[in-house]
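Reviewing the structure listed below.
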Amino acid sequence: MLQVQNAVVQYGEITALHGVSFEVKQGEIVTLLGANGAGKTTTLRTLSGLHRVSSGAILFEGNDITNVPPYKFVSLGISHVPEGRRIFPVMTVEENLEMGAFGRKDSYGDDLERIYSMFPILKDRRKQHGGNLSGGEQQMLAIGRALMSQPRLLLLDEPSMGLAPMIIDQIFRIIGEIRASGTTVFVVEQNASQALRLADRGYVMENGHIVFSDDADKLLVDPRVRAVYLGESVS
């Protein structure tokens with residue numbers, strides 16, 4: 001579904017991504033792991049057109065989208081849930097969700113009800129301003145808003161950041177349900193254990209390079225991942 005081919009991204013004289021290549025197959029959950037500053041968020045912003053590659057290519061469903069402007073990505077079938085949620089705080093929950101359907105020319109009532117069934121607390125809060133929600137509720141709202149555009153590929157940037165363990169479990173369970181409903185998911189995470197238990201495959205990024213990749217269950221027991229990202233000592 002998605003192919004990134006030798007992507008180089010630069011900020012002025014600083015190179016943030018160094019010839020990055022990876023792929024996401026239809027129906028998968030793929031995770032990108034790495035420490036702060038590794039280039040994970042830059043990768044997601046590049047995938048949604050917010051950063052341009054200096055060289056390399058990005059293909060979505062076989063079509064070259066390297067130079068597609070960012071405002072067209074939702075119509076292509078790609079939705080991005082950014083780090084920090086970025087909901088509209090002075091709009092109600094329902095208005096935030098309706099913004100996710102902006103540009104659709106069909107009725108979206110069924111999708112709205114599907115989001116409410118996925119996140120019942122949002123239905124209870126639907127008339128409240130987004131800024132009054134808890135962090136976990138705002139994350140649910142950000143994911144729900146992205147799903148309102150009916151994406152075929154969902155990009156998630158640090159969905160567990162700053163959340164309580166119980167809420168993290170709920171968010172990751174919902175991500176699994178999203179994939180089961182037919183949406184492919186590419187998730188950037190620092191919570192390596194949760195991400196790898198959910199994902200089919202994973203890539204590990206350091207200093208703007210993909211340093212290794214494998215099936216998620218193999219990465220979960222890989223000594224390098226266990227030592228660096230799971231905080232375990234490996235003899």
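Note on the stretch 122-170: Rg/Rh from Cα positions, Kirkwood definition for Rh, rounded to two decimals, is 0.97.
Proximity of backbone amide H atoms, modeled 1.01 Å from N, is registered between Ala16 and Val9, Gln10, Tyr11 at under 5 Å, excluding neighbours fewer than 5 places apart on the same chain. Axis of helix 109-118 versus longest Cα principal axis of the chain: the two differ by about 60°, to the nearest ten degrees.
Can you work out D for the stretch 113-223 in µm² s⁻¹ from Stokes-Einstein, where Rh is the Kirkwood radius over C-alpha pairs, the temperature is 4 °C and the viscosity is 1.567 mPa s? It diffuses with D of about 86 µm²/s by this estimate.
Its alpha carbons give the stretch 25-142 an Rg and a Dmax of 16.3, 47 Å. Per-residue Karplus couplings for the stretch 34-42, computed as 6.51 cos²θ - 1.76 cosθ + 1.60 with θ equal to phi - 60°, are listed in order as x, 6, 4, x, 6, x, 5, 5, 4 Hz, Gly and Pro entered as x.
What does the extension gain come out to for Gln10 and Arg104, with contour length at 0.36 nm per residue minus their alpha carbon separation?
Net length gain for the segment: 30.5 nm.
Each of Met166, Met1, Met161, Met205 has some number of other Cβ atoms within 10 Å of its Cβ, and from fewest to most they run Met166, Met161, Met1, Met205.
Compute and list, largest first, the equivalent-ellipsoid semi-axes of the stretch 55-122 from the alpha carbon gyration tensor, each √(5λ) rounded to a whole angstrom. Could the numbers behind the result be given before it?
Working: eigenvalues 152, 45, 26 Å².
With the √(5λ) rule applied to the stretch 55-122, the semi-axes are 28, 15, 11 Å.
Of all DSSP bridge pairs formed entirely within the chain, close to 55 percent run antiparallel. Here the residues Tyr108, Tyr11, ranked from fewest to most Cβ neighbours within 10 Å of their Cβ, fall in the order Tyr11, Tyr108.
Counting only Cβ charges, +1 for Lys and Arg and -1 for Asp and Glu, the dipole size of the stretch 81-160 around its Cα centre is about 80 debye. From the Cα gyration tensor of the chain, with a ≥ b ≥ c the square roots of its eigenvalues, which class applies: rounded if a/c is under 1.5, or else prolate if a/b is larger than b/c, or else oblate? In terms of gyration-tensor shape, oblate. Ordered by the count of other Cβ atoms within 10 Å of each Cβ, fewest first, Arg45, Arg152, Arg173 give Arg173, Arg152, Arg45. Here the dipole of the stretch 1-159 is about 180 debye; that uses its Cα centre as origin and unit charges on the Cβ of Lys and Arg (positive) and Asp and Glu (negative). Taking only the alpha-carbon positions of the stretch 24-85 and ignoring solvent, what does the Debye formula give for the base-10 log of I(q)/I(0) at q = 0.26 Å⁻¹? One equal scatterer on each Cα of the stretch 24-85 leads to -1.39. Only one residue of Ala142, Ala38, Met91 has its Cα farthest out toward the positive end of the dipole of the stretch 1-159, where Lys and Arg carry +1 and Asp and Glu -1 on Cβ, and that residue is Met91.
Coordinate-derived values only; no laboratory data. Worth saying up front: this structure is predicted, and the values here are computed from it rather than measured. Because the Cβ atoms are built from the backbone with ideal geometry, glycine has one as well, and the counts that use them run over all protein chains shown.
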